[in-house]
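The values are calculated or read from the model by the stated rules, or taken from the named source; none is laboratory data. Predicted, not measured: the structure shown is a model, and the values here were computed from it. In this analysis, Cβ positions are derived from the backbone assuming ideal geometry, glycine residues included, and neighbour counts consider all displayed protein chains.
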Amino acid sequence: MTEDYEDLYRNAPFAYVSLDADGRIAMANDTLADWIGCPAHDLRGQRFRDLLTVGTMMHYETSYSPLLAMQGHFDEASLDLRTADGGKFAVFGNARVVRDADGQHLATRLALLKSTGRRLYEREILDARDRSETTERATQATLATERETSELREQFIAVLGHDLRNPLASISSGARLLQRDLRPERRTRLFEAIQGSVVRMSSLIDNVMDFARGRLGAGIPLDLRPDVMLGPILEQVVTELRIGVPDRAIETAFALPEPIRCDPSRIAQLVSNLLGNALTHGAKGEPVRMRAGVDGATLTISVANGGAPIPEPALARLFQPFFRGEVRPSQQGLGLGLHIASEIAKAHAGTLGVTSTPAETRFTFRMPLHLPGS
Amino acid sequence: MSAVVRNNVRIRGSGPKTMVFAHGYGCDQNMWRYVAPAFEAQFRTVLFDQVGAGGSDRAAYDPAKYASLSGYVDDLIQIGEQLGLRDTVFVGHSVSAMIGVLASIAAPGLFGQLVLVGPSPRYVDDGDYVGGFSSPQVDELLDFLGSNHMGWSNTMAPAIMGNPDRPELGEELTDSFCRMDPGIARDFARVTFTSDNRADLALVSVPTLILQCSDDVIAPTPVGEYVHRHVKGSTLVHLRASGHCPNLSAPSEVIAAIRGFV
């Protein structure tokens, strides 16, 4: 066959457009006219940029135009043509500047290739990239949580070893002393000290077990009883704790005449943790003050101690596991006591809050007497 | 980090006074390649790339810092401080014309004269003010830039690997023109086309020349006239050159206008 050059130009699978030195269309082929739905002769004299959607045109004027001026061509430009019916027609464009022998700019030739499918494909790739970035961020977040947990675990093991050894050492030395021939009152004091250490270890172990359960997702399990007389239970907790610190004053004021629906051993654990905390961190010369009572439909138990207030930044983190304020290893618990107490409060649909002033630091547990759904 | 390294500062020419050239959105300091050399005999010329463009240090790009023009203004002032620039001639194109205006207000003494090529204090129409674009049109540009990373990616960016049209400039040629990180390009477009610095024009206190192209769709003639009305004692020169980049399409006209001013 013989190819018809004119027909090749007019109906090529590319759109061809030639611009004069001023950027106006001198000639365009029928393919372009067909794509944008405008007769080819009407295109003559229009500015090429006016064939583009506004977004593309702004980009063309600020980026592709300078390239043409500097390097005399551009390749693979993504452009959107405006169609007569108000739509967009996506193309890839290459352009070449034509100069005369003196280097004068004569014309610019553009060849445009339909790329609607390609553009969709690019959009899909970009969407896939965005999704992959989202997944990546989620993975990074999970990894960070895992790292944090792993750090917590190591910290936990270190603290556990340290804090269980302390009361164990006291028990051991107490037991050695008991072998000697001692006066009865000295024996009694030693025995009480050993009892105190046992209570402390036992409470640490309870906390560790509850923490492990909580972290495993089960939360704090409750054994709810419908009619608990809390007064005697709280008295018992106070008595046990007094054994370990015979020289400290614990003032109590309980007004709990009615039975309450709760898990008695959990409430005892909560109170024990709060009292233990107050005895450890409160000023030694001031009493620990505990109040319990019912106000309307709310049970309120609070424990207060004197001493330096808790700094503002620490307040927010008090109920996180392993939070231990400043490092004072000699008198630390596991940093789990307040966390567990707060979890027990939550399990009872209640709250555990704290206020700290130079006058006193007070932890307050509040729970509704009628649990939702009960 | 040194602003000179961060912004790929290039110093040429010699003379008692210094001329600072700032490129606008869409390109890099190559934008001045047909204009700046004409001043090297009488002036020390300072050219630089905005962070994210050309040979700047992309690691220095901080989205928070560059979320408004003030990040670019700070960079320009820092370049001036590190080079000990005083009483210089500032020549800024497009958005960098406004960056120069803001720097002249924030750092008095840095610039003795301003040359604003195609300035626009606001691209979006607002009541009686004609900026040239509607808000949805600017959104369309940003969406277009966001969805065209393939055509604009680092490897595919419009690039030239030798064979420039003007071999006399070949030796200066770096590996490409107008390189810009696609993500940064989109951010810079947002900052540029959503800026509104109309209120700052009245604070300009140095002699100012405004070069307005004919048929500039990015910064149309009414915008140049607005800048002229609001910068006290400014001079407005209408160029025959059409389009938004007379520094490339009609360098001799731009050179003559600047010569007549300085």
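Numbers below:
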item	result
Conditions (1) in contact (Cβ under 8 Å) with a residue 40 or more places away in the chain; (2) on the phi < 0 side of the Ramachandran plot; (3) out of contact with any Pro (no Cβ under 6 Å at 6 or more places or on another chain); (4) within 14 Å of chain A (Cβ to nearest Cβ); number of the one not met by B:Gly55	(4)
Yes/no for A:Thr108 being out of contact with any Pro (no Cβ under 7 Å at 6 or more places or on another chain), facing chain B (nearest Cβ under 7 Å) and of a type in the set (Val, Ile, Thr)	no
Among residues of region B:4-22, those that are in contact with a Gly (Cβ under 8 Å, 6 or more places away or on another chain) and in a loop (DSSP other than H, G, I, E, B), counted	1
Residues that are among the aliphatic types (A, V, I, L, M), assigned to a loop (DSSP other than H, G, I, E, B) and farther than 14 Å from B:Pro246 by Cα, drawn from region B:196-224	B:Val204, B:Val206
Members of region B:74-101 that are touching a Ser or Thr at 6+ places or on another chain (Cβ under 7 Å) and surrounded by fewer than 23 Cβ atoms within 10 Å (Cβ to Cβ)	B:Gln82, B:Leu85, B:Thr88
Output for region B:75-93, where each listed residue is under 18 Å from B:Thr208 (Cα atoms) and either in a strand (DSSP E or B) or polar (S, T, N, Q) (or both)	B:Thr88, B:Val89, B:Phe90, B:Val91, B:Gly92, B:His93
Single condition B:Val237 does not satisfy, out of (1) part of a helix (DSSP H, G or I); (2) among the β-branched types (Val, Ile, Thr); (3) surrounded by fewer than 23 Cβ atoms within 10 Å (Cβ to Cβ)	(1)
Hits in region A:65-74 (condition: within 7 Å of chain B (Cβ to nearest Cβ) and over 18 Å from B:Gln29 (Cβ atoms))	A:Gly72, A:Phe74
Residue selected from region A:36-60 under the condition farther than 15 Å from A:Tyr16 by Cα and at the interface with chain B (Cβ under 8 Å from one of its Cβ atoms), by the criterion surrounded by the fewest Cβ atoms within 10 Å (Cβ to Cβ)	A:Val54
Condition broken by A:Leu106, with the remaining ones in (1) crowded, with 18+ Cβ neighbours inside 10 Å; (2) under 30 Å from B:Ser249 (Cβ atoms) satisfied	(1)
Filter result (surrounded by fewer than 16 Cβ atoms within 10 Å (Cβ to Cβ), out of contact with any Leu (no Cβ under 8 Å at 6 or more places or on another chain) and not in a strand (DSSP E or B)) within region A:347-361	A:Thr357, A:Pro358, A:Ala359
Filtered residue count, region A:13-33, keeping only those that are over 55 Å from the mean Cα position of the chain (by Cα) and surrounded by fewer than 14 Cβ atoms within 10 Å (Cβ to Cβ)	1
Boolean, A:Ser18 is within 13 Å of chain B (Cβ to nearest Cβ) and either out of contact with any strand residue (DSSP E or B) (no Cβ under 6 Å at 6 or more places or on another chain) or of a type in the set (S, T, N, Q) (or both)	no
Residue identified as of a type in the set (Val, Ile, Thr) and within 14 Å of chain A (Cβ to nearest Cβ) among B:Val46, B:Val35, B:Val73	B:Val35
Any hit, region A:166-181, residues being touching a residue at least 60 places away in the same chain (Cβ under 8 Å) and within 25 Å of A:Ile340 (Cα to Cα)	no
Filter result (surrounded by 18 or more Cβ atoms within 10 Å (Cβ to Cβ) and more than 14 Å from chain A (Cβ to nearest Cβ)) within region B:208-222	B:Thr208, B:Leu209, B:Ile210, B:Leu211, B:Gln212
Residue satisfying condition, being more than 14 Å from chain A (Cβ to nearest Cβ) and either more than 17 Å from the chain's Cα centre (by Cα) or not small (Gly, Ala, Ser) (or both), within set B:Gly15, B:Gly92, B:Gly80	B:Gly15
Hits in region B:102-120 (condition: surrounded by fewer than 24 Cβ atoms within 10 Å (Cβ to Cβ) and either under 13 Å from the mean Cα position of the chain (by Cα) or of a type in the set (A, V, I, L, M) (or both))	B:Leu102, B:Ile105, B:Ala106, B:Ala107, B:Leu110
Residue match in region B:57-67 (condition: in contact with a helix residue (DSSP H, G or I) (Cβ under 7 Å, 6 or more places away or on another chain) and under 24 Å from B:Gln212 (Cβ atoms))	no
Considering residues of region A:75-87 that are touching a residue at least 24 places away in the same chain (Cβ under 8 Å) and buried (at least 18 other Cβ atoms within 10 Å of the Cβ) only, the residue nearest to the other protein chains (Cβ to nearest Cβ)	A:Ser78
Filter result for A:Arg118 (surrounded by 12 or more Cβ atoms within 10 Å (Cβ to Cβ) and basic (Lys, Arg))	yes
Extreme residue, surrounded by the fewest Cβ atoms within 10 Å (Cβ to Cβ), among residues of region A:2-12 that are out of contact with any helix residue (DSSP H, G or I) (no Cβ under 7 Å at 6 or more places or on another chain) and not in a helix (DSSP H, G or I)	A:Thr2
In region B:240-256, residue nearest to the other protein chains (Cβ to nearest Cβ) [restricted to those that are assigned to a helix (DSSP H, G or I) and either touching a residue at least 60 places away in the same chain (Cβ under 8 Å) or among the hydrophobic types (A, V, I, L, M, F, W, C) (or both)]	B:Leu248
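Yes/no per residue for (1) surrounded by fewer than 21 Cβ atoms within 10 Å (Cβ to Cβ); (2) among the hydrophobic types (A, V, I, L, M, F, W, C); (3) modelled with pLDDT of 95 or more:
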site	(1), (2), (3)
B:Met1	yes, yes, no
B:Val4	yes, yes, no
B:Asn8	yes, no, no
B:Gly26	no, no, no
B:Phe48	no, yes, yes
B:Gly54	no, no, no
B:Arg58	yes, no, no
B:Ala67	yes, yes, no
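The rows are residues; the columns are (1) under 23 Å from the mean Cα position of the chain (by Cα); (2) of a type outside the set (Val, Ile, Thr); (3) modelled with pLDDT under 80.
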site	(1), (2), (3)
A:Ser302	no, yes, no
A:Glu312	yes, yes, no
A:Phe319	yes, yes, no
A:Gly325	yes, yes, yes
A:Gly333	no, yes, yes
A:Ala359	no, yes, no
